[in-house]
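Just below is one structure, and these are the notes that go with it.
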Amino acid sequence: MHNTDLNKVVFHSKEDMAGGYNLQKGEHILRADTKSNHTDINEVLELYNIKKYIDNDLYLRNWTQNDITNFKQKATEFGKVIGRFFATIDDNNVVSEYEKTLRDYIHSFWEIVNNQSIFKRISKTNFSNILTNEPHLIHEILNHKNLVDHYNNEIKNFLLTYPQAAEILLSVYEMQHDSHKIERFIPNNLSIQDKENIIANYLDSNDTNLNYIRLIQNAKNGNDFKISDKTRLKAKRLHKSETEKILSKNSMKYGVSISFPENATKIKNGFVDENLVAHYSYSLDYIRENSDFYTLFKNFKVLFEYVDIQNRINLVSKRSQMGVFESVMGVRSQNEYRIGAAFSLTDMTSQNQIYGYGQILNTLNISLESILNFVFTSFFQEKYDFPNNASFLIPSVTNSHFEKVRILAPEFESVLKQFKLFVEDGNIDFELLQISSSPSAIKNIPSLNQDKYIYFNEDNKEMVGCSNLFFSDQTLLAYVEPFKEKQYHNFFDLLVNEKVYFSNYEEHQKPQLNYLIEKGFIYIDGSGFIQVTNLKRLLIFKDLYNNEVASFYRYPIDFQNEAKKMASEGIILFERSLFSKPEQSYFNYFLNKSEFTNGLDLRNSYLHGTQATPNETQKHEYAYFTYLKLLFLVMLKIEDDLIISKVTKNKT
């Protein structure tokens, strides 16, 4: 049992906002004379953690340059002390010294053993005994390559019987890691078949986790990790049975109700009832009185809000909409599309909207396909000089849903290829189009407009950290007296709604504020209030935090100029494509498995004849309305691109 001492200095990472607090605890050690000999392993490990702060150029704000120079020298001395102490550790005392190690220093202990080759003096028997006594230690050991290589047989044998070995393998090969991923190493003598056996035994055990079962079901095979179809099917069946067990118990449920009432006072309305059912209503009179094809097309924006004010698709999965439990506690594959409660509800809503809208249009003797045909082959030509030979075939009203999808699937491909040719050549050459029979990748559909989309530069870790401090609901900067009871969602919301004194914050919160001051995002005015330095920049940050992408040409000119400055500073990136990255992922989720292992693969299944059998009518009805939904989204995105191009050309 390892003890804990909260007064000891612990180095977590260079980006850790609590680093200043830890350094304060160790400052007296830096200012004291360095002891040449130590008998307490935890004193030595504390020196090791203090040294890591200095080695990473992390200092307290009140240190002078002379202090820093002296402390760097001290860190060098600490290194010698650490080396001398660990030189005394061998097979005779490793067990006793490790047992004395504080819980917070376990990582440091094994890091030194790994980096300084102490393991060469530790027998494989003693290593195995330590691992057997503390099985959970395997999660730490696998972080150190030298240890894994040296004790590969011992670690392999341990993993073959360890109940959580399957979860470790999935964490290494399949799981998505949102925070800084620490590389893990698997013994190279653990064969692909060994790994398959570990996974299969896990599914047969009584200690499975539904999240990991889903990972197995959707895992992507690679060179070092493969799951057979038999094991995958076992996971699929187990996932279904376990999910049914959970749903049969008391659990939160939600739903959607879509209606088109007459004599409505608003063209659209919505509310959520006490049973968590979202009710949306749309004025039937408005639809009947505005039944020209273009208005009926624009209802997907005006009424159903398929796209937002920047014409970004609203239906995509967004990190900002994932609940705390979903984003932090959930186990997800790095190869799966993120499906949270918000996305599920949005998808359910959009599917019901287009289904209900189709029924209403049928009473007006108008089909959804005829609207698509009109927009692509008539309206775009009239308004935006789109080629007159653009083509869009529509199925007969007498066709079954199965037959309609078999017609719409290739038409979807044709629309994308036609627009691609128009962007590249200024015309649509159908003979050229027909030469290529392979589908066009969604990401490769170009835009008429240079630098159309703005993305956050995820490699700029400092700016990512600042963005999180302002807009994440997990930081505590929004929690300060006298505004705690107002429960502001994040720090930015607090600042734009209240006048906040810097002095109101606790000491442990101030390092984060000082960091934002240092980076030029906030300042303290003469009255002691926290003020935003550049509101336009922060609003762009907010837009990107919430939506992951912004449309450059949909910004006002002053925001466009600010975005250009941010790009020159390496904060954001510009890219050119018809669909933004979140939109590309959305289409890929529904159409194929090129990006996500849990994709619905509608395109490939219907184009290659591997779809459900013709008598599975519900599946074909879902596929039919999904294809229609995707086609309307494509038309909305094409129109947005044509409008931007026309406006920018008129300005030049």
Conditions (1) within 18 Å of LYS629 (Cα to Cα); (2) open to solvent by 50 Å² or more (accessible area, probe 1.4 Å); (3) assigned to a helix (DSSP H, G or I); number of the one not met by GLU382: (1)
Filter pass, GLU242 being among the acidic types (Asp, Glu), open to solvent by 30 Å² or more (accessible area, probe 1.4 Å), at pLDDT below 95 and in contact with a Leu (Cβ under 7 Å, 6 or more places away or on another chain): yes
Near pairs, Cβ below 8 angstrom, 6+ apart or cross-chain, from segment 193-220 (under 17 Å from SER241 (Cα atoms) and outside any helix (DSSP H, G or I)) to any residue that is modelled with pLDDT of 90 or more and open to solvent by less than 50 Å² (accessible area, probe 1.4 Å): THR208/TYR202; THR208/LEU238; ASN209/GLU167
Some residue of segment 444-458 being at pLDDT below 95 and surrounded by 15 or more Cβ atoms within 10 Å (Cβ to Cβ): no
Scan of segment 579-594 for residues that are hydroxyl-bearing (Ser, Thr, Tyr) and farther than 22 Å from PHE456 by Cβ, ordered by number: SER594
Some residue of segment 114-123 being among the aliphatic types (A, V, I, L, M) and modelled with pLDDT under 95: no
Every residue from segment 366-413 that is modelled with pLDDT of 95 or more and small (Gly, Ala, Ser): SER367, SER370, SER378, ALA390, SER391
Those residues of segment 114-148 which are more than 23 Å from LEU203 (Cα to Cα), open to solvent by 70 Å² or more (accessible area, probe 1.4 Å) and under 34 Å from the mean Cα position of the chain (by Cα), in sequence order: ASN115, LYS145
LYS417 vs. criteria charged (D, E, K, R) and under 28 Å from the mean Cα position of the chain (by Cα): no
Matching entry among SER391, SER350, SER344, SER370 (being crowded, with 20+ Cβ neighbours inside 10 Å and either of a type outside the set (Lys, Arg) or over 31 Å from the mean Cα position of the chain (by Cα) (or both)): SER350
Out of PHE430, PHE456, PHE422, PHE412, sole residue that is farther than 18 Å from ASN588 by Cα, under 32 Å from the mean Cα position of the chain (by Cα) and of a type in the set (Phe, Trp, Tyr): PHE456
In segment 217-230, residue surrounded by the fewest Cβ atoms within 10 Å (Cβ to Cβ) [restricted to those that are modelled with pLDDT of 90 or more and under 13 Å from LEU169 (Cα atoms)]: ASP224
Residue ranges of helices (runs of 4 or more DSSP H) in segment 29-128 with at least 3 members in contact (Cβ under 8 Å) with a residue 60 or more places away in the chain: 41-55, 106-115
From the options LEU303, LEU233, residue that is among the hydrophobic types (A, V, I, L, M, F, W, C) and either open to solvent by less than 70 Å² (accessible area, probe 1.4 Å) or over 30 Å from ASN197 (Cβ atoms) (or both): LEU303
When residues of segment 431-443 are limited to those that are free of Cβ contacts under 8 Å to residues at least 60 places away in the same chain and open to solvent by 50 Å² or more (accessible area, probe 1.4 Å), the one farthest from ILE572 (Cα to Cα): GLU431
Residue match in segment 623-634 (condition: out of contact with any helix residue (DSSP H, G or I) (no Cβ under 9 Å at 6 or more places or on another chain) and under 21 Å from ASN449 (Cβ atoms)): no
Residue list for segment 34-53, restricted to those being among the aliphatic types (A, V, I, L, M) and within 40 Å of the chain's Cα centre (by Cα): VAL44, LEU45, LEU47, ILE50
Residue that is open to solvent by 30 Å² or more (accessible area, probe 1.4 Å) and farther than 27 Å from ASN129 by Cα, where the choices are ILE50, ILE29, ILE54: ILE29
Residue list for segment 162-202, restricted to those being modelled with pLDDT of 90 or more, touching a Ser or Thr at 6+ places or on another chain (Cβ under 7 Å) and open to solvent by less than 50 Å² (accessible area, probe 1.4 Å): GLU196, ILE199, ALA200, TYR202
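The values are calculated or read from the model by the stated rules, or taken from the named source; none is laboratory data. The shown structure was predicted, so the numbers you read here are calculated from the model rather than taken from an experiment. Here Cβ is always computed from backbone atoms with ideal geometry, including for glycine, and neighbour counts include all displayed protein chains. Side chains are part of the model used for accessible areas, which takes the heavy atoms of the whole protein and leaves out ligands, DNA and RNA. Shrake-Rupley method; radii C 1.70, N 1.55, O 1.52, S 1.80 Å.
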